[in-house]
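Undergrad: Below is the structure I would like to discuss, written out as structure tokens.
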Amino acid sequence: MKKLTLSDYEALAEFRFQIRKFLHFSEQAVKAAGLERGQYQLMLAIKGMPPGIRPRIRELANRMQIRHHSAVELINRLETGGYVRRERARDDRREVLLALTPKGERILEDLARHHHNELRTAAPTLVAALQRLSQEGNALPQKSSAASEEKRRTRNQSA
């Protein structure tokens, strides 16, 4: 890997700045709604759970990249506020699933709409910063998939 240039550092700094601007917007919007940042993220994770994955504490903690006990604390506060509820799974009564309450659905809809609109506005600048990072000449490390690694080895062997 080649040494990073001043341009690489500038591109990284700009991308980080653009992300931070969005995160600042998000923090302010969530605070104005009377929630904590993690509470909004957890409600969004419940609503946006990929098909086939059940909204259990373990999965939500994983999607948020937090510890299980931290997710439990967030859920407890959301449940106390009337935003989420715990339900027993129908097929396995030992399993506890999480669901948004109507109040949680309403607040999430409002916040998600604001976030969506902000991202539409910020998208051109965010995309430009990301493209600058991925341009040829920027020495950022590339993660290679097994398939691309195999192609590289095959090319080197036949050359």
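Yes or no, residue by residue, for (1) surrounded by fewer than 15 Cβ atoms within 10 Å (Cβ to Cβ); (2) more than 19 Å from Ala61 (Cβ to Cβ); (3) among the hydrophobic types (A, V, I, L, M, F, W, C):
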{"site": "Arg88", "(1), (2), (3)": "yes, yes, no"}
{"site": "Asp91", "(1), (2), (3)": "yes, yes, no"}
{"site": "Arg94", "(1), (2), (3)": "yes, no, no"}
{"site": "Leu97", "(1), (2), (3)": "no, no, yes"}
{"site": "Thr101", "(1), (2), (3)": "no, yes, no"}
{"site": "His115", "(1), (2), (3)": "no, yes, no"}
{"site": "Glu118", "(1), (2), (3)": "no, yes, no"}
{"site": "Ser134", "(1), (2), (3)": "yes, yes, no"}
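Undergrad: Still on this model: When you look at Met1, is it surrounded by 14 or more Cβ atoms within 10 Å (Cβ to Cβ), within 28 Å of Leu133 (Cα to Cα) and not acidic (Asp, Glu), yes or no? Can you show your working first?
TA: Working: surrounded by 14 or more Cβ atoms within 10 Å (Cβ to Cβ): no; within 28 Å of Leu133 (Cα to Cα): yes; not acidic (Asp, Glu): yes.
Against the criterion (surrounded by 14 or more Cβ atoms within 10 Å (Cβ to Cβ), within 28 Å of Leu133 (Cα to Cα) and not acidic (Asp, Glu)), Met1 does not qualify.
Undergrad: Which condition does Val127 not pass, out of (1) assigned to a helix (DSSP H, G or I); (2) more than 30 Å from Glu10 (Cα to Cα), if it passes all the others?
TA: Among (1) assigned to a helix (DSSP H, G or I); (2) more than 30 Å from Glu10 (Cα to Cα), Val127 violates only (2).
Undergrad: Another question about this same structure. Looking at region 87-117 only, could you name the residues that are charged (D, E, K, R) and modelled with pLDDT of 95 or more? Spell out the reasoning first.
TA: At the first step, the residues of region 87-117 found to be charged (D, E, K, R) are 87-88, 90-95, 103, 105-106, 109-110, 113.
Within region 87-117, Lys103, Glu105, Arg106, Glu109, Asp110, Arg113 qualify.
Undergrad: What pairs come up if the first residue lies in region 41-52 and is farther than 18 Å from Leu23 by Cβ and touching a residue at least 12 places away in the same chain (Cβ under 8 Å), the second is of a type in the set (Val, Ile, Thr) and not in a loop (DSSP other than H, G, I, E, B), and their beta carbons are under 7 Å apart, counting only those six or more places apart or on different chains?
TA: These pairs meet every condition: Ile46/Val84.
Undergrad: Which is in contact with a helix residue (DSSP H, G or I) (Cβ under 9 Å, 6 or more places away or on another chain), of a type outside the set (S, T, N, Q) and either within 21 Å of Gly34 (Cα to Cα) or at pLDDT 90 or above (or both), of Leu140, Leu126?
TA: One residue alone meets the criteria, Leu126.
The values are calculated or read from the model by the stated rules, or taken from the named source; none is laboratory data. Only a predicted model underlies this, so the values are computations on that prediction, with no experimental measurement involved. Glycine gets a Cβ as well: all are built from the backbone with ideal geometry, and neighbour counts include every protein chain shown.
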